[in-house]
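Enquirer: Supplied in structure tokens, the structure appears directly below.
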Amino acid sequence: MAGTRDIKGRIKAVGNIERITRTMQLIATARFQAMQKRATEAQAYTKRIGEVVSELAANLGETGEVSHPLLSAPRPAVGRHLVLVISSNRGLCGGYNANLLRTAMKQINSGDAIDLEVVGKKASGFFKFAEVPVEAFHSHIDDKPGYADVERLAEGYMQAFTEGKYDSVKVIYTAFVSMSRQQPRVLQLLPLEPPAASEAAPDESGESGGGPMTVYDFSPEPEELLGELLPITVKTSLFQCFNEATVSEQLSRMVAMKAATDAAGKMQKSLKRKFNRARQSAITTELSEIIAGAAALN
């Protein structure tokens, strides 16, 4: 059995680890709450932008068909795709990065020609170790991505797509589904899906199939407005991916640090029991030696 001094040293070390993990848990909890509020607000804006785009599409004609460079892939196809992987810069967040990178490798190994771009040091290190070529590492985007940084990134993707360099632009990130579930997802950022205007399109009597339809006066014309709003839709969708990835990361870290704190507490209890047994054994041994020495003197 280990000596009492060794066990006491281990108890002290585990106690220090427990204090660190508890502090990291509290920090992750505060960051999670702040990022969740931010993501919720951005999600409402993104949803409303989509509704406005659908209303514009409904006013473009009876069929609601819309033509825009961001809505259709290049023809003929160039046979190349751009994939952006959003990971974390720090570890200690459970299986967050492992699940994300597993999804990314499935996409990379799908057989398509891919240009890979990365956000986060964990993905950068992983692909370097796996010898997967990375076209760009966006190190300027930190744990709290700003809209201006994401906007510049989205503008570069839209320019490359409209110039016919890629058939599609996809984003691999971890979506925040609920407090108990964060799921890696592959989002097709470009081409955008055509706005669903058929459900809102009016019939011959001027009424839509789902009820009365509000008639709007647009200035400027719907085509011009749609041309302005589609790029905004791409930017807000990409920004929402970053927000959800950050929320999922902080939640995963919070859960991982809580589990580590609980495990450290259990280990401390186990070590204290072991320490008490070792101390009792040492006391018993000393008493036996004293008694044996006294008996020898007699």
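Just so it is clear, none of the values below were taken in a lab; they were calculated from the coordinates. Just so it is clear, the model here is predicted, and its values are computed rather than measured. Glycine also receives a Cβ, built like all others from the backbone with ideal geometry; neighbour counts cover every protein chain displayed.
Enquirer: Nearest 0.05, what FRET efficiency do residue 80 and residue 34 give at R0 = 30 Å with Cβ-Cβ as r?
Expert: Working: r = 38 Å, r/R0 = 1.28.
Plugging the Cβ-Cβ distance into 1/(1 + (r/R0)^6) gives 0.20.
Enquirer: I would also like to ask the following. Arranged by the count of other C-beta atoms within 10 angstrom, fewest first, what order do 247, 119 take? Intermediate results must be reported in sequence, preceding the final value.
Expert: Numbers: 247 24, 119 29.
Ascending number of Cβ neighbours within 10 Å: 247, 119.
Enquirer: So who's got an amide H within less than 5 Å of the one on residue 85, skipping anything under 5 residues away but keeping other chains? H placed 1.01 Å off N, in plane.
Expert: It is 117, 118, 119, 172, by chain and number.
Enquirer: Show me the three semi-axes of the equivalent ellipsoid for the chain, from the C-alpha gyration tensor (sqrt of 5 times each eigenvalue), largest first, rounded to whole Å. Write down the numbers at each step before the final one.
Expert: Numbers: eigenvalues 722, 99, 39 Å².
Ellipsoid semi-axes (Å, largest first): 60, 22, 14.
Enquirer: Under 10 Å, Cα contacts only: if you run a Gaussian network model on the chain, which one of 174, 285, 21 comes out with the highest mean-square fluctuation?
Expert: Looking only at 174, 285, 21, the biggest GNM fluctuation is shown by 285.
Enquirer: Taking segment 95-147, how much of its Cα-Cα pair set, in percent, is spaced more than 19 angstrom apart? Don't skip to the end; give the middle numbers.
Expert: Details: 379 of 1378 pairs.
Tail of P(r) above 19 Å: 28 percent of Cα pairs.
Enquirer: If you rank 103, 284 by fewest surrounding Cβ atoms within 10 Å, what's the result? Kindly include the intermediate steps, with their values, before the conclusion.
Expert: Values: 103 18, 284 10.
Ordered from fewest to most neighbouring Cβ atoms within 10 Å, 103, 284 come out as 284, 103.
Enquirer: Report the label-to-label distance for residue 283 and residue 263 in nanometres (one decimal), using points 7 Å from each Cα along the Cα→Cβ vector.
Expert: If labels sit at residue 283 and residue 263, their model points lie 3.4 nm apart.
Enquirer: Further question: Going by alpha carbons, how many degrees (0 to 90, nearest 10) lie between the helix axis of 222-297 and the longest principal axis of the chain?
Expert: So the inclination is approximately 10 degrees.
Enquirer: All other residues with a Cβ under 14 Å from the Cβ of residue 283 taken together, and with Lys, Arg as +1 and Asp, Glu as -1, what is their net charge? All intermediate terms of the calculation are to be shown ahead of the outcome.
Expert: Numbers: positive: 277, 279; negative: 286, 289.
Spelling it out: positives minus negatives among the neighbours equals 0.
Enquirer: Can you give the charge dipole size of the chain about its Cα centre, rounded to the nearest 20 debye, using +1 on the beta carbon of Lys and Arg and -1 on the beta carbon of Asp and Glu? Kindly include the intermediate steps, with their values, before the conclusion.
Expert: Numbers: 35 positive and 34 negative charges, 759 e Å.
Computed charge dipole of the chain: roughly 3640 debye.
Enquirer: Which order results if 225, 153 are arranged by neighbouring Cβ count within 10 Å, fewest first? Intermediate values should be presented prior to the final figure.
Expert: Values: 225 17, 153 22.
Placing the least packed residue first, the sequence is 225, 153.
Enquirer: Using Cα springs under 10 Å in a Gaussian network model of the chain, which residue among 181, 75, 253 shows the largest mean-square fluctuation?
Expert: 75
Enquirer: Do the sum for the chain: with -39,500 (n - 2.57) for every DSSP H run of n ≥ 4, divided by all residues, what is the mean residue ellipticity at 222 nm, to the nearest 500 deg cm²/dmol?
Expert: Calculated at 222 nm, the ellipticity per residue is -20500 deg cm²/dmol.
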